[in-house]
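Please treat every number below as a calculation from the coordinates, not as lab data. All of these numbers come straight from a predicted model, not from anything done at the bench. Don't worry about glycine lacking a Cβ; one is built from the backbone with ideal geometry, like all the others, and counts go over all protein chains shown.
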Amino acid sequence: MVPEIKTIGIIGAGQMGSGIAHVCALAGLDVRLNDLSDDRINKGLATINGNLARQVAKGAIEDGVRKAAVGRIAAASTYEGLSECDLVIEAATEDEAIKRQILQKLCPVLRPDAMVATNTSSISITRLAASTDRPERFIGIHFMNPVPVMQLVELIRGIATEDPTFESAKAFINKLGKTTTVAEDFPAFIVNRILLPMINEAIYVLYEGVGSVDSIDVAMKLGANHPMGPLALADFIGLDTCLSIMQVLHEGLADSKYRPCPLLVKYVEAGWLGRKAKRGFYDYRGEHPVPTR
């Protein structure tokens with residue numbers, strides 16, 4: 001029997017976690033949102049409110065739908081607040097040690113039949129599953145950013161993931177009105193295995209002086225019909241996330257073609273992480289983004 005998912009727990013109220021909460025609540029699911037502090041949870045709830053209000057302003061949803069969605073999301077300041085969830089999705093920072101720690105603390109408070117998923121964009125599902133007490137009910141559900149806008153969700157089974165877990169996760173994604181693509185459990189899966197080396201190569205092109213930030217982004221937008229240039233996209237994703245995915249690829253596949261560009265490392269060391277830090281390949285502190293190189 002495929003377990004039905006009605007109540008979702010989300011760990012991490014940042015960009016990804018709040019986006020997942022948003023689409024789940026719109027689809028009629030009850031949501032429990034958790035983070036390290038009430039302040040972070042409240043910030044996530046404010047983001048969801050703002051994004052739903054924008055959808056109302058655009059005429060995408062009615063105000064009654066917005067109110068009902070907001071009413072379905074509740075704060076869970078502790079893991080105990082997630083104890084009645086059918087599925088809990090971990091959407092914390094892209095750091096394996098942090099994710100493992102969360103999963104180890106989370107599992108003891110959950111119902112034995114509850115499913116657990118990770119929104120990791122690159123880390124081994126099998127390894128993360130091994131730090132839980134239910135590897136057969138553990139799966140990778142990788143949403144794309146921004147979650148309310150992006151249609152695709154990557155579904156990744158670990159070596160122990162059982163069929164009912166997979167089928168249940170697939171039904172859950174369908175309920176959200178999104179499209180599933182199934183990836184094998186290899187570093188960075190499908191989207192980031194292709195996308196991040198392209199971004200890393202764009203940073204090498206900048207590093208080697210082949211083109212400026214502006215010329216690289218204009219070239220790819222107008223020459224390859226990309227909606228956003230690779231450097232602007234890197235800033236949007238977060239340069240720390242880009243670096244961590246490239247490190248996972250480099251370590252996991254042991255191929256020099258995945259070596260993170262030294263310039264990417266330098267930007268991360270400087271704390272220039274992109275939009276969220278107001279500086280990356282562009283400076284976002286003024287009215288319009290200005291290239292930093």
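Remarks
- Measuring nothing but alpha carbons in the chain and taking Rh as the Kirkwood radius, the Rg to Rh ratio lands at 0.97.
- Helix-only [θ]222 nm of the chain, DSSP H runs n ≥ 4, -39500 (n - 2.57) each, per residue, nearest 500: -13500 deg cm²/dmol
- Between Pro227, Pro135, Pro148, the GNM of the chain built on Cα springs shorter than 10 angstrom shows Pro227 fluctuating the most.
- Two-site FRET efficiency, Val70 against Asp113, from Cβ-Cβ distance with R₀ of 22 Å, rounded to 0.05: 0.15
- All lysines inside 21 Å of Lys221 as judged from Cα atoms, apart from same-chain residues fewer than 8 positions distant: none
- Principal-axis tilt of helix 213-223 within the chain, Cα atoms, nearest 10 degrees: 70
- Fluctuation leader among Arg100, Arg72, Arg54 - the chain, Gaussian network, Cα springs under 10 angstrom: Arg54
- Highest-fluctuation residue, Glu96, Glu251, Glu269 considered, GNM on the chain with Cα pairs under 10 Å: Glu269
- The residue list Val191, Ala160, Val65 was ranked by how far each Cα lies along the charge dipole of the chain toward its positive end, using unit charges on Cβ atoms, and Val65 comes out on top.
- Modelled FRET efficiency - R0 30 Å, Glu80 with Ala130, Cβ distances, 0.05 increments: 0.80
- Summary value for the chain: 14 percent relative contact order, contacts being C-alpha pairs under 8 angstrom separated by 6+ residues.
- Subset of Lys6/Lys178; Lys67/Lys99; Lys43/Lys170; Lys43/Lys278; Lys43/Lys276; Lys6/Lys170 violating a 21 Å alpha-carbon distance limit: Lys67/Lys99; Lys43/Lys170
- Taking Lys and Arg as +1 and Asp and Glu as -1, the other residues whose beta-carbon sits under 12 Å from that of Pro291 total -2.
- Which of Asp63, Asp235 has the fewest Cβ neighbours within 10 Å, and the rest in rising order: Asp63, Asp235
- Distance between the C-alpha centres of the stretch 42-75 and the stretch 132-164: 25 Å, rounded to the whole angstrom.
- Once C-alpha pairs closer than 8 Å and six or more residues apart are averaged by separation and normalised to the residue number of the stretch 135-230, the relative contact order reads 19 percent.
- The dipole here belongs to the chain: it is taken about the Cα centre, uses +1 on the Cβ of Lys and Arg and -1 on the Cβ of Asp and Glu, and is about 600 debye.
- Length-normalised contact order for the stretch 192-291 - Cα pairs under 8 Å, 6+ apart - percent: 26
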